[in-house]
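A.B. asks: This structure is in C-alpha cells; I'll ask about it shortly.
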Amino acid sequence: MGPMASSRRDLAVRASVDQGLLSPAEPVVALLDTAGIRASAAALTGAFAAVTDAPVLHAFAVKAAPLVPVLRLLHEAGIGAEVASPGELALARAAGVPPERTVLDSPAKTPDELRRALALGVAVNADNLQELDRLDALVAAAPTASPLGLRVNPQVGAGSIDALSTATATSKFGVALRDEGARKTVVQAYLDRPWLTRLHTHTGSQGVPLALMAQGVGEAYALAEEINRAAGRRQVDTLDIGGGLPVNFASDEETPTYAEYARLLADTVPGLFDGRYRLVTEFGRSLLAKHGTVLARVEYTKTSGGRPIAVTHAGVQLATRTVYAPGSWPLRVLAYDSEGRPRTGETAVQDVAGPACFAGDLIATARELPLLRPGDVVAVPDTGAYYFAHHYAYNSLPRPAIHGFDAAEDGTVAFTAVRRAQTPEEIVAEAGGDLADALVRPPDAPVRSRDGRKGAGRAEGDRPSGSAAPAPRLP
Ligand SMILES: *Cc1c(COP(=O)(O)O)cnc(C)c1O
C-alpha cells in the first residue's frame, strides 16, 4: 500500500524542491498523486460492485480534470468518460476511451455535435424536448449504435452552493419534472420513441447533501418504472444517476465515501440495484480532488495594516473559485520551508496572496499558519478537480506544469510530466500573436501605397516590420 496520502504529499513536496521541479525560475507547479487516483477509482468500482451485480459504467466527468493522461489512467482503472463539449470528447478520444464507454451530456449540443456523437456510437443524453426533436431527425437519417436518453430534473431542491445545485425548481438542466404537465409529456416522449432507452439525472455537486442526491435518483427511478409500465416493456433499460459526491476540503479525510453513497442508494432506492437496470454514474470531483496539490514559492512577505501577507505564485489563475467565492470554496494552505520540509514553530495570523494584479487575489485570509518567509513553499491540497486543470488566464499567468508522482515505501518519489508548463511563446500565440496586424490593417482594406495612390490590397513586403505573419484571410 505504501505511505498514506498525507505523508505521500510531504514526500512529494520535498522531492519537488530536491529534484528542481519547483525553483525560483519555476515558482509554481501542480502535483497529482497517482496512487491516490487509482485508489479512488478502485473505491468507486468496489462500492457499486458491493451492492449490485448489475453492469455499471462509471463515466468520469471530464470537466473535473480535463487532462489526457488522467483520462488514460482512469480508463485503465475501468472508468469511462462523461463529456460535455466537442473539446472534452476529443480529450476522451485522445486518451483512448472507446465510444461505448463515453457519455455526452451537454445542455447546448449543436446539430453537428449530435451527428458526430451518433456516428461514433457515443451515448447521448438529450437535455430537453427540442433536442429530442433533433434526435428524431438524426435517428431517422442514419442508423446509430448510440444509446439515447433524456435528462430530467427531479426538482428536489438546492444544496449549500446555488451555482452547483442542478436540481432546483428553476435549474437550467434537463426537463423539469414537476412543472405542469411535464411528467406526462416525458412519458409520452418515450412512448413515441422506442429508441429512447435511458433516463438521466444529475442532482448536484459540492454542497448537495447525500440524502438529496439519493432522493433525486429515487425520482428518476420512479419515472423509469412509470415509463416502462406505460410502454408494457422494459423500454428504459439504463439509469444514468450522474455524479456529485462532495469533497471534504477541511482535512485529509476522504468523506463521504462511495461506499456510504452506494449503501444509501441501496437502502432508499432498492430497485435500482436489483439487476433490472444497467447503471451509469458520472462522478468527477470525488475521483480527483484529494489527489491534486498546488505548490508555490513565497516570493515576498510584508505586513499591511498590521497583518502579515505572504505573496506567493498560487492565486486566481489556479484557484479561481476560491479567490472569487472564498466562502463557498475554502482551501487549506500548508506551510513548508524552502527545502520543502513541513514548517513548524510559531504561528501567526496571515494572508496568503497570489501573483495577480487585483486586491482580491488571496487564497487564504486571516489564516493561522507558521510565519511564512521568502523562499518558503506553500502547498494547496485538494486541488485535483476544478482547480489547476482549469486555468484562468488573468494577467497572462502561465498554465503551470502538472506532474504525476508515485511515492515508494522507502520514501523515494518518481515524477512524470502530465502537462508541460505554458511558455511565453505559447501565451503570445494563443493571444493572436500571428494576427498582430489584424486591427491596424484588415486584410481586405484598401491600402495606400507610399506614393499616395490607392492600392487594391496589401502588397507583399508591405507589412510593417516586426509583425510576425500576415493575418490569414477568411475562406
Ligand atoms: C459536472 C457534472 C458531473 C460531475 O459532477 P461532480 O460534482 O464533479 O461529481 C456529472 N454529470 C453531469 C451531467 C455534470 O454536469
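A.B. asks: Between residues in region 5-25 that are polar (S, T, N, Q) and residues that are in a loop (DSSP other than H, G, I, E, B), which pairs lie under 8 Å by C-beta distance while being six or more apart or on different chains?
C.D. replies: Filtered contacts from region 5-25: S6/D252; S16/L22; S16/G340.
A.B. asks: Out of the residues in region 252-281 that are in a loop (DSSP other than H, G, I, E, B), touching a residue at least 40 places away in the same chain (Cβ under 8 Å) and of a type in the set (S, T, Y), state the one that is surrounded by the fewest Cβ atoms within 10 Å (Cβ to Cβ).
C.D. replies: Looking at residues that are in a loop (DSSP other than H, G, I, E, B), touching a residue at least 40 places away in the same chain (Cβ under 8 Å) and of a type in the set (S, T, Y), I get T257.
A.B. asks: Quick check on T203: is it assigned to a loop (DSSP other than H, G, I, E, B), among the hydroxyl-bearing types (S, T, Y) and touching a residue at least 24 places away in the same chain (Cβ under 8 Å)?
C.D. replies: yes
A.B. asks: Further, regarding this structure: What are the residues in region 104-123 that are of a type in the set (V, I, T) and either surrounded by 21 or more Cβ atoms within 10 Å (Cβ to Cβ) or under 16 Å from the mean Cα position of the chain (by Cα) (or both), if any?
C.D. replies: V122
A.B. asks: Which is surrounded by 15 or more Cβ atoms within 10 Å (Cβ to Cβ) and either more than 16 Å from the ligand (Cβ to nearest atom) or among the hydrophobic types (A, V, I, L, M, F, W, C) (or both), of R151, R101, R93?
C.D. replies: R93
A.B. asks: Among the helices (runs of 4 or more DSSP H) contained in region 28-147, which hold 3 or more residues that are under 23 Å from A12 (Cβ atoms)?
C.D. replies: 34-49, 68-76
A.B. asks: Being outside the structural domain of V122 (by TED's automatic domain parsing), within 16 Å of the ligand (Cβ to nearest atom) and over 16 Å from the mean Cα position of the chain (by Cα) is the requirement here; does A43 meet it?
C.D. replies: Against the criterion (outside the structural domain of V122 (by TED's automatic domain parsing), within 16 Å of the ligand (Cβ to nearest atom) and over 16 Å from the mean Cα position of the chain (by Cα)), A43 qualifies.
Quick grid of which residues meet (1) touching a residue at least 12 places away in the same chain (Cβ under 8 Å); (2) under 30 Å from G2 (Cα atoms); (3) among the aliphatic types (A, V, I, L, M); (4) assigned to a helix (DSSP H, G or I):
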{"residue": "T344", "(1), (2), (3), (4)": "yes, yes, no, no"}
{"residue": "A359", "(1), (2), (3), (4)": "no, no, yes, no"}
{"residue": "A366", "(1), (2), (3), (4)": "yes, no, yes, no"}
{"residue": "L372", "(1), (2), (3), (4)": "yes, no, yes, no"}
{"residue": "V380", "(1), (2), (3), (4)": "yes, yes, yes, no"}
{"residue": "G404", "(1), (2), (3), (4)": "yes, yes, no, no"}
{"residue": "T416", "(1), (2), (3), (4)": "yes, yes, no, no"}
{"residue": "D434", "(1), (2), (3), (4)": "yes, no, no, yes"}
{"residue": "D437", "(1), (2), (3), (4)": "yes, no, no, no"}
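A.B. asks: So, in region 208-243, of the ones that are assigned to a loop (DSSP other than H, G, I, E, B) and either assigned by TED's automatic domain parsing to the domain that holds A325 or buried (at least 18 other Cβ atoms within 10 Å of the Cβ) (or both), which residue ends up farthest from the ligand (Cβ to nearest atom)?
C.D. replies: Only one residue fits best here, namely Q235.
A.B. asks: Take region 278-337 and flag every residue that is modelled with pLDDT under 95 and of a type in the set (K, R).
C.D. replies: Scanning region 278-337 gives a single hit, R307.
A.B. asks: Do we have any residue at all in region 129-146 that's within 12 Å of the ligand (Cβ to nearest atom) and assigned by TED's automatic domain parsing to the domain that holds G204?
C.D. replies: Checked region 129-146: no residue is within 12 Å of the ligand (Cβ to nearest atom) and assigned by TED's automatic domain parsing to the domain that holds G204.
A.B. asks: Same structure, new question: Counting only residues that are on the phi < 0 side of the Ramachandran plot and either surrounded by fewer than 21 Cβ atoms within 10 Å (Cβ to Cβ) or polar (S, T, N, Q) (or both), which one in region 74-84 is nearest to the ligand (Cβ to nearest atom)?
C.D. replies: A84
A.B. asks: Additional query: Inside region 282-313, can you point out the residues that are within 16 Å of the ligand (Cβ to nearest atom) and assigned to a strand (DSSP E or B)?
C.D. replies: Of everything in region 282-313, just one residue is within 16 Å of the ligand (Cβ to nearest atom) and assigned to a strand (DSSP E or B), namely G292.
A.B. asks: Please go through region 252-268 and pick out each residue that is closer than 11 Å to L210 by Cβ and hydrophobic (A, V, I, L, M, F, W, C).
C.D. replies: A262, L264, L265
A.B. asks: Picking from R321, R341, which residue would you name as being surrounded by fewer than 23 Cβ atoms within 10 Å (Cβ to Cβ) and within 16 Å of the ligand (Cβ to nearest atom)?
C.D. replies: R321
The values are calculated or read from the model by the stated rules, or taken from the named source; none is laboratory data. Here the structure is a predicted model, which is why all the values come from computation and not from measurement. When we count neighbours, we look across all protein chains shown, and the Cβ atoms used for this are built from the backbone with ideal geometry, even at glycine.
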